[in-house]
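Presented below is the structure to which this report refers.
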Amino acid sequence: MIDFNELKKEQLKLAKKVITTDGFEKITTIAGADQAYVGNKVISAIVVCDYKTLEVIEKKHAIVDANLPYKSGFLFYRDGPAVMEAFNKLDNKPDVLIVEANGILHPRRMGMASQVGILLDTATIGITKRLMLGRVRKNTIYIEKEARGYELITRQHARPIYISPGNKISLKTSLETIKKCLREPHKLPEPLHLVHKYSKKVAKSNKEKTMTKN
């Protein structure tokens, strides 16, 4: 039986370790992490790109058993182990990892992007397609009086994305970095767009192998 109160305590403890200043001098490589699911398996894929050209440098993935079902606010405990395993396979560790999950834009300032960032000791940015909490004022997302992220419309007539620092990166740099990674006509920054395609491809291949075995 999973004790979510204990997980909350763990998140609150880790939240004190979050760094929201830039932990690097400059960004030369950037990566996107995305998850796909086949049965009870979590497939985490990571694509590393050159920050200037956004050309792909490396791709890696990991397949891990899901330890618990999805529960809002606790995404890390389902997907995080796979993300970390895929990251640890990389020969070219990125300066910044973009995770499709919240960073500090989270009830306990500990979305999966922050939790992954702390445990991997790397700079991370969180991106989501829906606003979990907070209020938007002039594109800045506030929780009480604290600025925790940004709302950004990346494509005409498209719904916005929500950006928040994960770890070792500032609010301002998080927004600037994502803006530099946008490529028309894609809504998501290019590393996330590329890794989304890659994770779907791995999931499809894995599903076909499973069906063949059966």
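The values are calculated or read from the model by the stated rules, or taken from the named source; none is laboratory data. Predicted model only: the values in this text are computed from it and were never measured. In this analysis, Cβ positions are derived from the backbone assuming ideal geometry, glycine residues included, and neighbour counts consider all displayed protein chains. Just so you know, the surface numbers come from the protein's heavy atoms only, side chains and all, with ligands and any DNA or RNA stripped out. Shrake-Rupley method; radii C 1.70, N 1.55, O 1.52, S 1.80 Å.
If I compute solvent accessible area with a 1.4 Å probe over the protein chains, what percent of it on segment 93-214 is carbon and sulfur?
Details: 3030 of 6180 Å².
Carbon-and-sulfur percentage of accessible area, whole number: 49.
Calculate the FRET efficiency for Glu144 and Lys41 from the Cβ-Cβ distance with a Förster distance of 45 Å, rounded to the nearest 0.05. Intermediate values should be presented prior to the final figure.
Numbers: r = 39 Å, r/R0 = 0.86.
Once rounded, the FRET efficiency stands at 0.70.
Can you work out ³J(HN,Hα) from phi for every residue in segment 6-23, in order, using Karplus 6.51 cos²θ - 1.76 cosθ + 1.60 and θ = phi - 60°, giving whole Hz and x for Gly and Pro?
Going residue by residue, I get 5, 5, 4, 4, 5, 5, 5, 5, 5, 4, 5, 8, 5, 10, 10, 10, 5, x Hz, with x marking Gly and Pro.
Which FRET efficiency, nearest 0.05, do Lys16 and Glu184 yield, Cβ-Cβ r, R0 45 Å?
For Lys16 and Glu184, the calculated efficiency is 0.65.
Solvent-accessible area per residue for the chain at a 1.4 Å probe radius, Å²?
On the way: 11290 Å² over 214 residues.
So the chain comes to 53 Å² accessible per residue, rounded to a whole number.
What is the extension gain from Glu176 to Leu68, computed as 0.36 nm multiplied by their sequence separation minus the C-alpha to C-alpha distance, in nm to one decimal? Working shown, then result.
Details: separation 108, 0.36 × 108 = 38.88 nm, distance 3.47 nm.
Contour length minus the Cα-Cα distance gives 35.4 nm.
At a 10 angstrom cut-off on C-beta neighbours, averaged per residue, how do the peptides 160-167, 176-183 rank from highest to lowest?
Values: 160-167: 26.6, 176-183: 17.1.
Averaged packing, sorted descending, gives the order 160-167, 176-183.
Whole-Hz Karplus ³J(HN,Hα) for segment 67-76, in order, using 6.51 cos²θ - 1.76 cosθ + 1.60 and θ = phi - 60°, x for Gly and Pro?
7, 7, x, 5, 9, 3, x, 10, 4, 3
For segment 159-214 and segment 115-157, what is the separation of their C-alpha centers, rounded to whole Å?
Distance between centres, Cα-based: 15 Å.
So if each residue of separation counts as 0.36 nm, and I subtract the Cα-Cα distance between Leu131 and Met1, what length gain in nm does that give? Present the calculation step by step, with values, prior to reporting the outcome.
Details: separation 130, 0.36 × 130 = 46.80 nm, distance 2.95 nm.
Result for the pair: 43.9 nm of gain on full extension.
Can you compute the equivalent ellipsoid semi-axes for the chain, i.e. the square root of 5 times each eigenvalue of the Cα gyration tensor, sorted largest first and rounded to whole Å?
Working: eigenvalues 126, 93, 54 Å².
So the equivalent ellipsoid measures 25, 22, 16 Å along its semi-axes.
Just the number, please: percent antiparallel of the DSSP beta bridges in segment 21-131, rounded to the nearest 5. List each step's numbers first, then the result.
Working: 19 of 27 bridges.
Roughly 70 percent of the DSSP beta bridges within segment 21-131 come out antiparallel.
At what distance in nm do the modelled label points of Asn92 and Thr28 sit from each other, each positioned 7 Å from its Cα along Cα→Cβ?
Reported label-point gap for Asn92 and Thr28 is 1.1 nm.
Give the peptides 44-53, 21-30 in descending order of average Cβ contacts within 10 Å, highest first. Kindly include the intermediate steps, with their values, before the conclusion.
Working: 44-53: 20.8, 21-30: 14.8.
In descending order of packing, they fall as 44-53, 21-30.
Once ligands and nucleic acids are excluded and a 1.4 Å probe is used, how much of Lys129 is accessible, expressed in Å² to the nearest 10?
Result for Lys129: roughly 100 Å² accessible.
If you plug each phi of segment 127-141 into the Karplus form 6.51 cos²θ - 1.76 cosθ + 1.60 with θ = phi - 60°, what whole-Hz ³J(HN,Hα) values come out, in order, with x for Gly and Pro?
9, 10, 9, 9, 7, 6, 6, x, 10, 9, 9, 6, 6, 9, 9
Using the beta-carbon distance between Ile153 and Lys52 and R0 = 25 Å, what value does 1/(1 + (r/R0)^6) give for FRET efficiency, to the nearest 0.05? Don't skip to the end; give the middle numbers.
Details: r = 24 Å, r/R0 = 0.97.
With R0 = 25 Å, the Cβ-Cβ based efficiency is 0.55.
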